[in-house]
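So the structure is just underneath, and the comments pick up after that.
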Amino acid sequence: MILLLGCKQEKSERKAIVKNVKITSPLLMSHVSVRTFPGFVKVADEINLGFKTAGQIHRVFVKEGDYVHEGDIIAELDKKDYRLQLEATQIQYNQLKEEVERLKELFNRKNIPANDYEKAVAGLSALGVKLQADRNTMEYTVLRSPVSGYIQSVHFAKSEMVNAGTTIVTLLDVSTVKIEMELPASLYMRQDDFIEYSCKTSLLKGEEIQLKMLGINQKSNSSQLYKMNFIPQTSQAILKPGMNVEVLIKIKENITHTLLSLPTETVFKEKDKTYVWVIKNNTVEKRKVEIGGIAPNGDLIFLSGVTEDDIVVKAGVHALQENDSIHIIDEPSKTNVGGLL
């Protein structure tokens, strides 16, 4: 009699065990997924400035880190030789101009052939072109900033000789910026499915900046990543060169029927078959499921076995048995950090 009572008591205690679990529900997969990648803000234009003529540097007016406005003087060449050349050409032009005017009077009185007068006019025109070229060369001895920006580097100093086109300074045009990121090869093959681009920075507290794609490098680096560039579509005052951002790409998914997703920790295997625990009336029921892949966020894609209305165990999975009674542990509130309240 005592032995029977002990067995009954032990059996009732086993039945009374209630196991704590955490739960989740299947999510309906969208036909559009969002992938995120680290990005970096760079200046859209890095300009190498040089003189349009050769010469010896007379003075450099800037240093690295200086901010210059459009039209500010960056550097000057020694002008002495160019000034002498301009003055000589000007003298020749003035002399020939007077000669042409004298020949014109003679031509009008028919004292000289038309051919002589036409040659003199043509010579004056040619000399006028040379005079303008010498004036231009004088202007070319002054290097001015084409845009406002910061001097990134200065490559030459006073008294050094430079050729035409040699880079004297490198200027960063900060009026426009671009965002650069690296795209995995798996997504490079799906460029036609890209729908929309945006980026986020912690400075904007979740606000997204819409982007326009400039292009994708057609050759990958050694890590099989393809460089991708964007520019902001709207105001970009908050984006400064050197900032880190998160680039978001919306991608069209080729989903032909309704699919659901669940976290990977919800599934378990028995005899090469995959199951989840579904809650029914505070007890668990083992449900066979079919997995169809991995969603962009890392969750598993379910082809069958669960519905949107199911409640599925996500924590405590491996401690359960069929028909076990369970107690659902509430998720802590986001505002109750540490569960102190």
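Can you work out which of the residues in region 85-97 that are surrounded by 15 or more Cβ atoms within 10 Å (Cβ to Cβ) and within 53 Å of the chain's Cα centre (by Cα) is nearest to M161 (Cα to Cα)? Across region 85-97, the extreme among qualifying residues is Q85. The strands (runs of 3 or more DSSP E) falling completely within region 200-294 that include 2 or more residues that are touching a residue at least 40 places away in the same chain (Cβ under 8 Å), on the phi < 0 side of the Ramachandran plot and of a type in the set (K, R) map to 244-252. Looking at region 215-242 only, could you name the residues that are in contact with a strand residue (DSSP E or B) (Cβ under 8 Å, 6 or more places away or on another chain), among the aliphatic types (A, V, I, L, M) and modelled with pLDDT under 90? Answer for region 215-242, where residues must be in contact with a strand residue (DSSP E or B) (Cβ under 8 Å, 6 or more places away or on another chain), among the aliphatic types (A, V, I, L, M) and modelled with pLDDT under 90: I231, I238, L239. The residues of region 46-60 that are farther than 14 Å from N163 by Cα and basic (K, R) amount to a single one, R59. Would you say V174 is under 16 Å from the mean Cα position of the chain (by Cα) and closer than 27 Å to N48 by Cβ? Answer is yes for this residue. Looking across region 111-125, the residues that are assigned to a helix (DSSP H, G or I), among the hydrophobic types (A, V, I, L, M, F, W, C) and touching a Leu at 6+ places or on another chain (Cβ under 6 Å) come down to A120, L124.
So that you can scan it fast, the table gives a plain yes or no per residue for (1) under 30 Å from F156 (Cβ atoms); (2) touching a Leu at 6+ places or on another chain (Cβ under 6 Å); (3) crowded, with 16+ Cβ neighbours inside 10 Å:
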residue: E76; (1), (2), (3): yes, no, yes
residue: R83; (1), (2), (3): yes, no, no
residue: E105; (1), (2), (3): no, no, no
residue: R109; (1), (2), (3): no, no, no
residue: L127; (1), (2), (3): no, yes, yes
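When each of V306, V313 is tested for being surrounded by 13 or more Cβ atoms within 10 Å (Cβ to Cβ), more than 30 Å from the chain's Cα centre (by Cα), in a loop (DSSP other than H, G, I, E, B) and modelled with pLDDT of 85 or more, the lone residue that passes is V306.
Checking the structure you have, find out if any residue of region 151-165 is part of a loop (DSSP other than H, G, I, E, B), hydroxyl-bearing (S, T, Y), farther than 30 Å from Q90 by Cα and within 30 Å of the chain's Cα centre (by Cα). No. Picking from residues in region 98-145 that are of a type in the set (F, W, Y) and at pLDDT below 95, the one that is farthest from V162 (Cα to Cα) is F107.
Taking the criterion of being polar (S, T, N, Q), without any contact (Cβ under 8 Å) to a residue 24 or more places away in the chain, surrounded by fewer than 13 Cβ atoms within 10 Å (Cβ to Cβ) and in a loop (DSSP other than H, G, I, E, B), would at least one residue in region 169-192 satisfy it? No. Here region 136-150 is the region considered, the condition is being of a type in the set (A, V, I, L, M) and not in a loop (DSSP other than H, G, I, E, B), and the residue that is nearest to L77 (Cα to Cα) is V142.
The values are calculated or read from the model by the stated rules, or taken from the named source; none is laboratory data. Since the model is a prediction, treat every value here as computed from it, not as a measurement. Glycine gets a Cβ as well: all are built from the backbone with ideal geometry, and neighbour counts include every protein chain shown.
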